[in-house]
Amino acid sequence: MKRLTQHKKAIISFVLVCLLVINYPIILTALDSNFFGIIFSIVLFIIGGRKTNLKMSYPLLAMVIILEYISYQLHTKSVHFLALAILVCFVYYSFTGKFSFIAFICVILFSSLFNTFFNYLTVEIKQTLCYGVYLTLKNFIPITKIEGVNFYINNAKITIDTACMGLSMFKTGLLFGAFLLTLEERKQQKHFNIKQIFLFCILIIVLNIISNYFRIITLILFDCTKENTLHYTIGLLCFVFYQIFPILYLIRFFKPQKEDLINTNPSPFSIISIITGFAIVLVTSFEIKKEQQHNLLKNLDPSYDIQQGIWVNSEVFKIATPEKLVYIKTPAHNPLICWTGTGYKIIESKIIIRNNEKISFVKMEKNGVQYFSYWWYECDNKKYTSLVEVLLIKLFHNKSARLINETSKIKLT
């Protein structure tokens, strides 16, 4: 027992590595999409960590428990990956007593959960930005009308692509800001308080919106919405002038105020807390690997002729008829992401009323042909347009849910 106590850090580190190995497919997927951001966040957490009087063990453990409960119930791998990342932060803090709120925000920012959240808002954000640009330019250039992300100027249609959302620039801007804050902390041998960090993050987000706003204006004025060298150059210049330069200027007004703790001894950690965190992650790791029974066709409306349908995969059932194309999927599949991923441009997205029920409506275009797509979530024979609402029902009541997407070249009644 004495030898175990002497080598408890080594044992805990070994168990942590084993947990990461068990989850290597999920980690590999996350690294594939955000390799640089994840690695940078880890490095930032190590070099930017400071001694703190705040007891972070319990909040971190509570976050792991909550996230793993969600992962266990919904089999959500993105949430499970975030729980793994927070577990690593938890162990590091337990060993050293050091924590970095700046790096911790980066860990969340570069998790696949954040990517999923942002992708669900992509179309709405893009349409809002385009409408703001329309209000600005309509008095200066002859814009006939705006339809979603399509600008009609002198009988010509200009479409703003999804890349103008600037997700990569958004992350890069926050990462650059996190680096500057950490650098300032090391120079001053002091650290920022939470209010300062969040205020600086809000300023960076505002600058990102301004950058994308002027990016769209410039692309329209230069008639350069197609992806080419000029298109990317404009995007990069807007990022530098409207994000990087203002961040370098604003950092001068943010000075760390809290003195670093001079006590160099690592704070004692509770072995029970770590074992609890490990056990919860281990159980969830095995549960999330199990094959789910989605029951997508159970109690389906008889008007859908499933005899004409085929399984695309275990999460997608497809029914193709001359009148329309119907997809029945798990709630994790967002039609907006699926359509844009296969080359369709979203023109308009909104909530409509059909048969006295709210459903989502999308007008989109591909190869000069317009399509009309209608979709909703079904749970317990009720229709919903909010994924969050459906997931909460599934989370707390363990009820199955599905997404139904109908698409046609003509408007459906």
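Structural remarks
- The accessible surface of the chain, taken with every protein chain in place and a 1.4 Å probe, is 63 percent carbon and sulfur.
- Rounded, prolate or oblate (a/c below 1.5 giving rounded, otherwise prolate when a/b exceeds b/c) for region 30-93 by Cα gyration tensor: oblate
- Anisotropy class of region 278-412 from Cα gyration tensor, a/c 1.5 cut: prolate
- Percent breakdown of C-alpha pair distances by 20 Å bin, ordered from the shortest bin, for the chain: 22, 49, 27, 3, 0
- Qualifying trypsin sites (Lys or Arg not before Pro) in region 1-80, where qualification requires a DSSP coil assignment and no more than 10 other C-beta atoms within 10 Å, comprise Lys55.
- The listed peptides 286-298, 82-94, ordered by packing as a protection proxy, come out as 82-94, 286-298 (highest mean of other Cβ atoms within 10 Å first).
- Nearby lysines by direct alpha-carbon distance to Lys195 (threshold 30 angstrom, same-chain neighbours under 8 apart not counted): Lys51, Lys55, Lys98, Lys126, Lys171, Lys187, Lys255, Lys258
- Computed over region 286-335, the alpha-carbon pair-distance distribution with 5 angstrom bins reads 4, 17, 28, 24, 15, 5, 4, 2, 0, each value a whole percent.
- For region 4-43, the C-alpha radius of gyration divided by 2.2 N^0.38 Å, with N the number of residues, is 1.49.
- Computed from the alpha carbon atoms alone, the convex hull of region 197-239 holds 57 Å³ per residue.
- Within straight-line cross-link reach of Lys298, lysines at Cα separation under 24 Å, skipping those fewer than 8 residues along the same chain: Lys289, Lys290, Lys318, Lys324, Lys329, Lys358, Lys382, Lys383, Lys394, Lys399
- For peptides 275-282, 371-378, sequence by mean Cβ density within 10 Å, most packed first: 371-378, 275-282
- Residue-normalised accessible area of the chain, expressed per residue, 1.4 Å probe, Å²: 54 Å²
- The fraction of all Cα pairs in region 324-400 landing in successive 5 Å bins from 0 to the largest distance is 3, 14, 24, 24, 17, 11, 5, 2, 0, given as whole percents.
The values are calculated or read from the model by the stated rules, or taken from the named source; none is laboratory data. Predicted model only: the values in this text are computed from it and were never measured. Positions of Cβ are generated from backbone atoms using ideal geometry, with glycine treated the same way; all protein chains shown enter the neighbour counts. We work out accessible area using only protein heavy atoms, side chains counted, and drop any ligands, DNA or RNA first. Shrake-Rupley method; radii C 1.70, N 1.55, O 1.52, S 1.80 Å.
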